[in-house]
Amino acid sequence: MKKLRLGVIGVGYVGELHVQKYAAMEDVDLVGVADRDFARAQEVARRYNTTAYSSHEELLPFLDGASLAVPTLSHFEVGYELLRHGVNLLIEKPITLNLGDAERLIETAKEHDAVLQIGHIERFNPAVIKMESLISRPIFIESHRLNFFTNRGTDVDVVLDLMIHDLDIILNIVNADIEDIDAVGMPVVSDKIDIANVRIMFANGTVANVTASRVSSESLRMLRIIQPDIHITVDYGNKRITVTQLKGDRKHIGARSPVVHREDIFPDSDPLADQLSSFVKAIKKRAEPKVSGIDGKNALAVSLAIMEQITRK
């Protein structure tokens, strides 16, 4: 079967990880990498035995598909150019900076029969996949995503940098309209929002409390879900899921219905490799990707609503 000709545009920290994974895939021909910093593109190209380009325009004629890992500000401009030439595209989150541009990318992909996948990598975390199989009726969801401060990602607020991961997961598992959003946040070390908290109330009664910080003294990525008789905790970073379940009839609490704990850990999994393999499969099968452009737009819409409320306060 003919190998897919794939490339990576933007080879900073995240982009190079994409290059590394593509280079290891037997059904992929890594045809090149592009970056405005041509010296950086050359360095990465040498490392993975491919060709360096100074712009996406130079690389475009050789592509069946690409990962786009440029700064968010350029997602629309570069993404639109690739999609209108029929290049299948995986865009690192967030899809764009505004909903109008996101919608235009989705329409352009459809018009030119191109796969458009958004890089919400936590969807490929095996602990999250296991969690999704246990979801029936979430009552309360609590999420904490805390990072030490680095300069990476500070071109956007922490909501678009970090919180959007958890918003995407929550929207996917709740699948109900949002009735109310109550958000607070503030800048700490940058000129953008560095720490934020939001309480989201859904029409089906589910409540989610979501916190994100990139100025924390600890690193933590945790999601907790409470359902009737079951409590699920997902540790994203350690790819671990813990389930606490009440067995028996809660009406007879005096009978001390047993509480059962179980834990699954997936230490050898590689969510990024799985994400890129899923992208390749979607291209080959001409199928809807696991995380579509519409998913990316929905997560962006909630993120923008949160940011608007924070800035109004």
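Quick notes on this one:
- Partners of residue 290 within straight-line reach, counting aspartates and glutamates whose Cα lies under 15 Å from its Cα and excluding those fewer than 8 residues away in the same chain: 92, 122, 132, 168, 274.
- The angle between the Cα long axis of helix 271-285 and the main principal axis of the chain comes to about 60°, on a 0 to 90 degree scale.
- With R₀ fixed at 22 Å, the C-beta to C-beta distance from residue 238 to residue 5 puts the FRET efficiency at about 0.05.
- Legend: distances between Cα atoms for 93/281; 3/130; 2/284; pairs beyond 22 Å are 3/130.
- Rg then Dmax, both in Å and based on the Cα atoms of segment 1-149: 16.9, 52.
- Annotation: amide H-H contacts under 5 Å for residue 215 (H modelled 1.01 Å from N, sequence separation of 5 or more, or interchain): 147.
- Whole-number percent relative contact order across segment 1-131, with pairs defined as alpha carbons under 8 Å at least 6 apart: 20 percent
- Expressed in units of 2.2 N^0.38 Å, where N is the residue count, the Cα radius of gyration of segment 101-209 is 1.22.
- Comparing mean-square fluctuations of 179, 81, 92 from a GNM of the chain with C-alpha springs under 10 Å, the top value falls on 179.
- Using Cβ point charges alone (K and R +1, D and E -1), the dipole size of the chain about the Cα centre works out to roughly 900 debye.
- Contour excess over end-to-end distance, with Cα ends at residue 140 and residue 231 and 0.36 nm allotted per residue: 31.8 nm
- Percentage relative contact order, the chain, counting C-alpha pairs under 8 Å, at least six apart: 18 percent
- The slack between residue 177 and residue 85, meaning 0.36 nm per residue of separation minus the straight C-alpha distance, is 29.6 nm.
- Computed E for residue 272/residue 184 - FRET, C-beta separation, R0 25 angstrom, nearest 0.05: 0.20
- Entry for Kirkwood radius over Cα pairs in Å (calculated from the structure that is shown) out of (i) 20.6; (ii) 23.9; (iii) 19.5: (i)
- Long-range tail of P(r) for segment 123-185 (Cα pairs > 15 Å, %): 61 percent
- The chain: most fluctuating residue of 241, 181, 193 per GNM, C-alpha cutoff 10 Å: 181
- Residue with peak Gaussian network fluctuation, the chain [Cα springs, cutoff 10 Å], from 67, 136, 277: 136
All of the numbers you see were taken from the coordinates with simple rules; none came from a lab. As the structure is a computational prediction, the values presented were derived from the model and not from experiment. When we count neighbours, we look across all protein chains shown, and the Cβ atoms used for this are built from the backbone with ideal geometry, even at glycine.
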